[in-house]
Amino acid sequence: MSVNTIVPLTNVGLLAAAVESAANRPPELPGLVVMYGPSGYGKSLAAAYAANMHRAYYVECRESWTKKAFVIAILREMGIIPMKTLSEMVDQIAEQLSRSGRPLIIDDVQYVIDKAAANVLTDIYNASQGTLILIGEERVPASMARLERLHNRVLEWVPAQAASLDDVCALAAKSYPDITIEDDLLDAINHRVKGCLRRVAVNLYQIHSEATAQGWKTVGLSEWSEQDIHTGQPPARRG
Amino acid sequence: MSSKNVAKRKTLSALAGDVTPRQLIWDAIRHQHLDDGIITMQGIRIALKRHPELSESRISDYLRALMAGGFLVRRNPDAPPATTAIYFLQRDVGVEAPRVRRDGTLPPPPGREQLWRTLKIIGAFTGQELADAASTPQVPVAKATADEYIKMLSRAGYLQTVVEPSPGVPGRYRLVPSHWTGPMAPMIRRTKELYDPNTGAVVYRRVTKTEGGEP
């Protein structure tokens, strides 16, 4: 295979559409896009696709970040040598965002949204009027409600969706083209892990290893019982 | 704008890492734009006097491409011959020098740039997964390209192996966080060495064995 096709996952498409409309919005509209949802739903994959489509800058937040660490990380991502003071650095970021027109993706935003660093975010947005994409966990919209100045600049809220059967089929076909995993098993897995794409991937990996060892070409619920599905729960004690 | 204000704003962001010839020219243009808005070949040459390797024809090639792309505009197009050409920066797209072709069109971003950006975002990956995540409709990335890039990056110590590759099971890799050196993608050179433009260093060189031992 020489040319790759893109796995059409639901969340990848949702974020791509939202970023597309934010990047081409009329100037009077705000330019913030927020995607939120539990971990393992494929938010980072969606971020990677959106980032590649628009050559976006991407930073992943950490719990320990102060305002300054946050700002320096963004400048590092832009490849710009930071100036001395915080306000100079915010100006540098804003200038680069508005001049280049490239979006800024901030992943794991829940780590900074409750802290002083959140105000830097507002500053960057106000000074640049650029396209900002915030990605975080389920509670991000609630945390943002307290930041009125940021909250009303959201153009689109994108809740990450649980994996659909189509997503799971696409992932299985793409990752393990050498075996066929039947729909009944895929559906059972998706149901048991409640649509968490990362856990689906773990299950597919285990099924594939077993199938390779056993020489199975197709795997369905008859080969792989529902008890063997990995849900992330530790096994219950017996006896 | 008061003169005090002008003096205060005379600072431009600078790009970190290895600076390409085009980047040098772009920086010189932006500095002149900030100074008095008058951009001339002479001004650029003065700004680049520490780089004698940048010939006037190289500079004018880039200027012509920038004009074709609508970034630069000639201010005195009707001036008689042998008059100094004065340019004006019409579209300032920030610190990064525009990659513009001679006819003014913009080439799609290189697949390498997408691979480098993606491997930082998605965590652990196999070659197939990286190629998928890094592909866009405009710039699809083949699995073979991703595999080759992973191989060179892991030899240079940029990636750690999460799952060793074995027959039937593809290897999984992850970026060593301290090895994210900057936004410019390390490139594989024709001589099979890996060059990191963020640090300006060759980080891996394939050792070729001479047949019959070293002379």
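So, of the residues in the range B:125-135 that are outside any helix (DSSP H, G or I) and of a type outside the set (Phe, Trp, Tyr), which turns out to be farthest from the other protein chains (Cβ to nearest Cβ)?
Applying the first criterion (outside any helix (DSSP H, G or I)) to the range B:125-135 yields B:125-126, B:135.
Now drop any that are not of a type outside the set (Phe, Trp, Tyr), which leaves B:126, B:135.
Numbers: B:Thr126: 8, B:Ser135: 5 Å.
Here the answer is B:Thr126.
Condition check: closer than 18 Å to A:Lys174 by Cβ, within 12 Å of another protein chain (Cβ to nearest Cβ) and of a type outside the set (S, T, N, Q). Does B:Leu175 satisfy that? Quick ask: steps written out before the conclusion?
Numbers: closer than 18 Å to A:Lys174 by Cβ: no; within 12 Å of another protein chain (Cβ to nearest Cβ): yes; of a type outside the set (S, T, N, Q): yes.
No: the conditions fail for B:Leu175.
Quick check on B:Asp132: is it outside the structural domain of B:Pro165 (by TED's automatic domain parsing) and not small (Gly, Ala, Ser)?
Details: outside the structural domain of B:Pro165 (by TED's automatic domain parsing): no; not small (Gly, Ala, Ser): yes.
So B:Asp132 does not fit the description; no.
Among the residues of the range B:175-185, is there at least one that is more than 26 Å from A:Glu60 (Cα to Cα), hydrophobic (A, V, I, L, M, F, W, C), free of Cβ contacts under 8 Å to residues at least 40 places away in the same chain and surrounded by fewer than 16 Cβ atoms within 10 Å (Cβ to Cβ)?
Kept after step one, since they are more than 26 Å from A:Glu60 (Cα to Cα), are these residues of the range B:175-185: none.
Taking every residue of the range B:175-185 in turn, none turns out to be more than 26 Å from A:Glu60 (Cα to Cα), hydrophobic (A, V, I, L, M, F, W, C), free of Cβ contacts under 8 Å to residues at least 40 places away in the same chain and surrounded by fewer than 16 Cβ atoms within 10 Å (Cβ to Cβ).
Is it true that A:Leu9 is at pLDDT below 90 and surrounded by 23 or more Cβ atoms within 10 Å (Cβ to Cβ)?
Working: at pLDDT below 90: yes; surrounded by 23 or more Cβ atoms within 10 Å (Cβ to Cβ): yes.
So A:Leu9 fits the description; yes.
Among A:Gly79, A:Gly37, A:Gly42, which is crowded, with 17+ Cβ neighbours inside 10 Å and more than 11 Å from chain B (Cβ to nearest Cβ)?
Working: A:Gly79 fails: more than 11 Å from chain B (Cβ to nearest Cβ); A:Gly42 fails: more than 11 Å from chain B (Cβ to nearest Cβ).
Being crowded, with 17+ Cβ neighbours inside 10 Å and more than 11 Å from chain B (Cβ to nearest Cβ) holds for just one of A:Gly79, A:Gly37, A:Gly42, which is A:Gly37.
Would you mind stating whether B:Val95 is in contact with an Asp or Glu (Cβ under 9 Å, 6 or more places away or on another chain) and crowded, with 16+ Cβ neighbours inside 10 Å?
Working: in contact with an Asp or Glu (Cβ under 9 Å, 6 or more places away or on another chain): yes; crowded, with 16+ Cβ neighbours inside 10 Å: yes.
Considered against the rule, which asks whether it is in contact with an Asp or Glu (Cβ under 9 Å, 6 or more places away or on another chain) and crowded, with 16+ Cβ neighbours inside 10 Å, B:Val95 comes out as yes.
Keeping to the range A:146-171, report how many residues are part of a helix (DSSP H, G or I) and hydrophobic (A, V, I, L, M, F, W, C). First the steps, then the outcome.
Filtering the range A:146-171 down to residues part of a helix (DSSP H, G or I) leaves A:148-151, A:165-171.
With hydrophobic (A, V, I, L, M, F, W, C) added as a condition, the list becomes A:150, A:165, A:168-171.
Residues in the range A:146-171 being part of a helix (DSSP H, G or I) and hydrophobic (A, V, I, L, M, F, W, C): 6 in total.
A:Ala73 versus (1) more than 8 Å from every other protein chain (Cβ to nearest Cβ); (2) touching a Lys or Arg at 6+ places or on another chain (Cβ under 6 Å): which is the lone unmet condition?
(2)
Which condition does B:Asp92 not pass, out of (1) more than 30 Å from B:Leu194 (Cβ to Cβ); (2) without any contact (Cβ under 8 Å) to a residue 60 or more places away in the chain; (3) of a type in the set (Asp, Glu), if it passes all the others?
Going through (1) more than 30 Å from B:Leu194 (Cβ to Cβ); (2) without any contact (Cβ under 8 Å) to a residue 60 or more places away in the chain; (3) of a type in the set (Asp, Glu) one by one, B:Asp92 breaks only (2).
Here is a list: A:Ser143, A:Ser44. Which entry is out of contact with any Lys or Arg (no Cβ under 8 Å at 6 or more places or on another chain), touching a residue at least 60 places away in the same chain (Cβ under 8 Å) and in a helix (DSSP H, G or I)?
Working: A:Ser143 fails: touching a residue at least 60 places away in the same chain (Cβ under 8 Å).
Just a single option satisfies the conditions, and that option is A:Ser44.
Looking at the range A:71-115, which of its residues are among the hydroxyl-bearing types (Ser, Thr, Tyr) and touching a residue at least 24 places away in the same chain (Cβ under 8 Å)? Can you show your working first?
Filtering the range A:71-115 for residues among the hydroxyl-bearing types (Ser, Thr, Tyr) gives A:85, A:87, A:98, A:100, A:111.
Passing the criteria: A:Ser98, A:Tyr111.
Where residues in the range B:136-163 are more than 9 Å from every other protein chain (Cβ to nearest Cβ) and charged (D, E, K, R), which of them is farthest from A:Tyr49 (Cα to Cα)?
Among those residues, the one meeting the criterion is B:Arg155.
Which of the residues that make up the range A:52-63 are assigned to a loop (DSSP other than H, G, I, E, B) and either of a type in the set (Val, Ile, Thr) or within 10 Å of another protein chain (Cβ to nearest Cβ) (or both)? It would help to see each step written out before you state the result.
Within the range A:52-63, the first condition is being assigned to a loop (DSSP other than H, G, I, E, B), and the residues that meet it are A:55-56, A:61-63.
A:Arg55, A:Ala56, listed by residue number.
Among the residues of the range A:89-101, count how many are under 12 Å from A:Ile72 (Cβ atoms) and either at the interface with another protein chain (Cβ under 9 Å from one of its Cβ atoms) or under 26 Å from the mean Cα position of the chain (by Cα) (or both).
Within the range A:89-101, the first condition is being under 12 Å from A:Ile72 (Cβ atoms), and the residues that meet it are A:89-90, A:92-93.
Filter once more, so that each one left must be either at the interface with another protein chain (Cβ under 9 Å from one of its Cβ atoms) or under 26 Å from the mean Cα position of the chain (by Cα) (or both): A:90, A:92-93.
The number of residues fulfilling the criteria is 3.
Just one of (1) acidic (Asp, Glu); (2) surrounded by fewer than 18 Cβ atoms within 10 Å (Cβ to Cβ); (3) in contact with a strand residue (DSSP E or B) (Cβ under 8 Å, 6 or more places away or on another chain) trips up A:Glu148, so point out which.
Just one mismatch for A:Glu148, condition (3).
Select from the range B:103-124 the residues that are among the β-branched types (Val, Ile, Thr), facing chain A (nearest Cβ under 7 Å) and assigned to a loop (DSSP other than H, G, I, E, B) and list them in ascending order. Give the steps one after another, and end with the answer.
To start, the set of residues in the range B:103-124 that are among the β-branched types (Val, Ile, Thr) comprises B:105, B:118, B:121-122.
Going one step further and asking which of them are facing chain A (nearest Cβ under 7 Å), we end up with B:118, B:121-122.
If the condition is that a residue be among the β-branched types (Val, Ile, Thr), facing chain A (nearest Cβ under 7 Å) and assigned to a loop (DSSP other than H, G, I, E, B), then B:Ile122 is the only one that fits.
The values are calculated or read from the model by the stated rules, or taken from the named source; none is laboratory data. All values derive from a computational prediction rather than experimental measurement. With ideal geometry, Cβ positions are generated from the backbone for all residues, glycine too; neighbour counts draw on all protein chains shown.
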